[in-house]
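Read through the structure below, which is laid out as C-alpha cells, and then see the notes.
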C-alpha cells in the first residue's frame with residue numbers, strides 16, 4: 001500500500017475513527033498539557049506491557065499478554081484498545097509479544113520491531129501491520145520521537161526503547177538485558193521515567209529450584225539483570241530530572257518486591273534523589289506515572 005499506511009476504509013476506518021475520538025477526548029481532559037504519563041500493565045515472565053501516552057498519542061511498549069488480557073488491563077487503567085496508536089516490541093520472546101498479532105489485526109494498529117524480532121514464530125503473520133525499527137532507523141510514532149538501542153539478551157535482535165513526547169519528556173525501557181553496556185546507558189541518560197529490569201536476587205537464584213543450566217542462563221551476560229546490577233546501573237543514571245524509577249521483570253521464583261526495593265532504594269537515598277520508586281507487578285497494572293501534567297486531571 002502507498003506509504004505503508006493502514007487502510008482508510010472498512011474496519012480500519014472504524015478503528016482509526018475510534019482512536020481519533022479517544023485522542024480528542026484525551027486532549028480535552030489534559031487541557032493541552034504537554035506532559036507524559038505511563039502505566040505498567042504487567043511485568044514478569046508471564047507477560048510484559050506498558051502504556052505510554054501524551055497529548056499527541058498513545059503507545060504500547062511490548063504486548064506480552066493475550067489480546068483479551070491486554071484489553072482487560074487497559075480497561076483497568078481507564079483506557080481501551082481504541083486509544084492505542086501503535087505497539088513497539090523489544091524482542092520476540094513470547095512474554096513480550098504474545099498478543100501483538102491479534103491486537104494489531106483486531107484494532108488495526110502498526111507493530112514496530114526489529115527485523116530479528118519479526119522472525120519470531122508468533123509474529124510471522126503480522127503482514128502489513130509490521131513496521132521495521134532499529135538503531136539506525138529514525139522513528140516517530142503516535143507523536144513520540146523514538147530511539148532504540150541494542151541490549152545483550154538471548155533473543156534475535158533485542159532492543160531497549162526511549163520515547164520522547166512532543167513536550168520533551170522522556171521515558172526509557174530496559175528489560176531483558178544480561179548486563180549493562182555503555183551504549184545502552186548512554187541512551188538511558190536524562191530521563192524523566194526509567195523502567196529498569198531487576199530480575200533476580202543472586203542468592204535466591206543460586207539456592208533456588210531452577211536447574212543449573214537455567215541458572216547459568218539467567219545470570220549470564222545474555223540473561224537478566226540482578227537486583228544488585230540494577231542498583232549499580234541506576235547509580236549511573238540518576239539525574240535531577242528523573243521523577244520515577246520502576247523496577248520491572250521480577251522473577252516470582254528468584255526475587256521478591258521487598259528484595260528488589262531493598263537493593264535499589266539505598267541508592268536513591270544516598271544520592272538524595274527525589275525520584276519515586278515503584279516495583280512493577282505481574283498480575284495487575286501499576287499506577288499512572290505522570291510527569292509534566294496537572295495532578296488534578298482525570299483519566
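Number of residues in the range 53-76 that are part of a helix (DSSP H, G or I) and in contact (Cβ under 8 Å) with a residue 40 or more places away in the chain equals 2. Kindly evaluate residue 154 against the criterion of being touching a residue at least 60 places away in the same chain (Cβ under 8 Å), in contact with a strand residue (DSSP E or B) (Cβ under 8 Å, 6 or more places away or on another chain) and farther than 29 Å from residue 55 by Cβ. Spelling it out, it is not the case that residue 154 is touching a residue at least 60 places away in the same chain (Cβ under 8 Å), in contact with a strand residue (DSSP E or B) (Cβ under 8 Å, 6 or more places away or on another chain) and farther than 29 Å from residue 55 by Cβ.
Return yes or no: is residue 92 modelled with pLDDT under 95 and on the phi < 0 side of the Ramachandran plot?
Working: modelled with pLDDT under 95: yes; on the phi < 0 side of the Ramachandran plot: yes.
When the stated conditions are applied, residue 92 passes them.
Scanning the range 169-194 for residues that are closer than 23 Å to residue 155 by Cα and assigned to a loop (DSSP other than H, G, I, E, B) gives 175, 176, 177, 178, 179, 180, 181, 188.
Of the numbered criteria (1) buried (at least 19 other Cβ atoms within 10 Å of the Cβ); (2) not in a loop (DSSP other than H, G, I, E, B), the one residue 79 fails is (2). Scanning the range 142-164 for residues that are over 14 Å from the mean Cα position of the chain (by Cα), farther than 17 Å from residue 38 by Cα and part of a strand (DSSP E or B) gives a single hit, 150.
Of the helices (runs of 4 or more DSSP H) lying entirely inside the range 195-294, those containing at least 3 residues that are under 22 Å from residue 50 (Cα atoms) and at pLDDT 95 or above are 227-237, 257-270. Within the range 100-131, being free of Cβ contacts under 8 Å to residues at least 60 places away in the same chain, farther than 20 Å from residue 151 by Cα, touching a strand residue (DSSP E or B) at 6+ places or on another chain (Cβ under 8 Å) and in a loop (DSSP other than H, G, I, E, B) holds for one residue alone: 126.
The values are calculated or read from the model by the stated rules, or taken from the named source; none is laboratory data. These figures come from a predicted structure and were not determined experimentally. Using ideal geometry, Cβ is built from the backbone for each residue, glycine included, and neighbour counts are taken over all protein chains shown.
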